[in-house]
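Inspection log for the structure reproduced underneath, given as structure tokens.
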Amino acid sequence: MATSLQSEQIEGDGSLLLIHGGAWDIPDAVMETHRDGLQEALDAGRASWEQNSALGIVTDTVAVLEAHTAFNAGHGAMLNQDGTAELDAGVMDGETLDYGAVMATQRLAHPVRVARRLLTEGEGRVRMLAGDGAERFAEAQGMDLVSNAELICPREQQRYDRVRAEAEADHPSRSFLPGLSNLGGADTVGAVARDDSGRLAAATSTGGTPFKPPGRVGDSPLPGAGFYADDRVAVSATGWGEAIAAVGLARSVQERVRTGASAEAAARRSLTRMHEQIASPDGEGATGGCIVVTPSDAAVAFTTPRMARGWYSAQTDVQWAV
């Protein structure tokens, strides 16, 4: 592989919360804010443990990551070509295979919480909602909507202003511009958990790609691509969304675990396959990362220079790395 594949096995078969804040070439200058965000999320996950199953734990944890501006999710999301934050999220309960997902939302501060509510209140007939439909569902459930301006942080407004000016100079006559993948930043967030009863769950949330066309949806809200959980494994993925969706990265990991691979081996093989099968626009293989937990082990793997991740268990307490 042209891109180095990095991974780590996380030992232990007790309760465990494993999170990520994106896999990309994270600059040294933002390392501290990423660590701060991981710490806040792990602290929230630990506090959630007493009252919640795995599904509640991953939801509460990802909601904290959505609120932290270090990451490309919730408040801190990259802006689309209209200068709007447009958010996607999905959650899945490994015990029941129930899931909920929302996409292209513009007025949800915590899309992961709306995805969770859709899982429990969709009554099996509705599992995925987009845009205004997701927001109307949230409002009907008594969940607050926010203005899109409340989701935009100064860093992303500055990025948008700069990139918009460059795009208009390069393509003055085009009203629909291609999304850009080389602007830095891909901090999709996610969590997987194994609770005290051994149940598994996964959640993923994102603001998408920089300067994306309005309405673009990647892998994050797609079960089997950006997230998946059953009784054997829970996975949250991050990276180039179109490639992750094409290979069904989360399900690819799940299939390898079910045939006997360890969490680490399954993640490594699935990322290698994606890198070898799909070329990115710059001619290199598609890159990304994932976090995986099974009933007996857990792992992190990525084909990018860095991946923000952390975990908490009764055996290890809080640990994180970027």
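Some observations on this one:
- Selection within segment 295-321: residues that are among the charged types (D, E, K, R) and under 17 Å from the mean Cα position of the chain (by Cα). The member of this set that is surrounded by the most Cβ atoms within 10 Å (Cβ to Cβ) is R309.
- Residue identified as modelled with pLDDT of 95 or more and touching a Gly at 6+ places or on another chain (Cβ under 6 Å) among R268, R251: R251
- Of the criteria (1) free of Cβ contacts under 8 Å to residues at least 40 places away in the same chain; (2) of a type outside the set (S, T, Y); (3) over 29 Å from S197 (Cβ atoms); (4) crowded, with 23+ Cβ neighbours inside 10 Å, which one V114 fails: (3)
Condition check ((1) among the small types (G, A, S); (2) within 30 Å of V163 (Cβ to Cβ)) across all residues:
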{"residue": "S4", "(1), (2)": "yes, yes"}
{"residue": "D25", "(1), (2)": "no, yes"}
{"residue": "H34", "(1), (2)": "no, yes"}
{"residue": "E40", "(1), (2)": "no, yes"}
{"residue": "D43", "(1), (2)": "no, no"}
{"residue": "H68", "(1), (2)": "no, yes"}
{"residue": "N80", "(1), (2)": "no, yes"}
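- Unique residue being at pLDDT 95 or above and not in a helix (DSSP H, G or I) when the list is A186, A191: A191
- The residue list A70, A101, A109 contains one member that is of a type in the set (A, V, I, L, M), part of a loop (DSSP other than H, G, I, E, B), buried (at least 24 other Cβ atoms within 10 Å of the Cβ) and in contact with a Gly (Cβ under 8 Å, 6 or more places away or on another chain), which is A70.
- Search result, residues across segment 274-294 that are surrounded by fewer than 16 Cβ atoms within 10 Å (Cβ to Cβ) and either in contact (Cβ under 8 Å) with a residue 60 or more places away in the chain or under 14 Å from I244 (Cβ atoms) (or both): E276, Q277, P281, D282, E284
- Within the option set A202, A266, A243, being in contact (Cβ under 8 Å) with a residue 12 or more places away in the chain, more than 25 Å from A70 (Cα to Cα) and crowded, with 20+ Cβ neighbours inside 10 Å holds for one residue only, A266.
- Test: residue in segment 147-155 that is among the aliphatic types (A, V, I, L, M) and either at pLDDT below 95 or in contact with a helix residue (DSSP H, G or I) (Cβ under 6 Å, 6 or more places away or on another chain) (or both): no
The values are calculated or read from the model by the stated rules, or taken from the named source; none is laboratory data. Small disclaimer: the values here were computed from a predicted structure and weren't measured. Note that we place each Cβ from the backbone using ideal geometry, even for glycine, and neighbour counts take in every protein chain shown.
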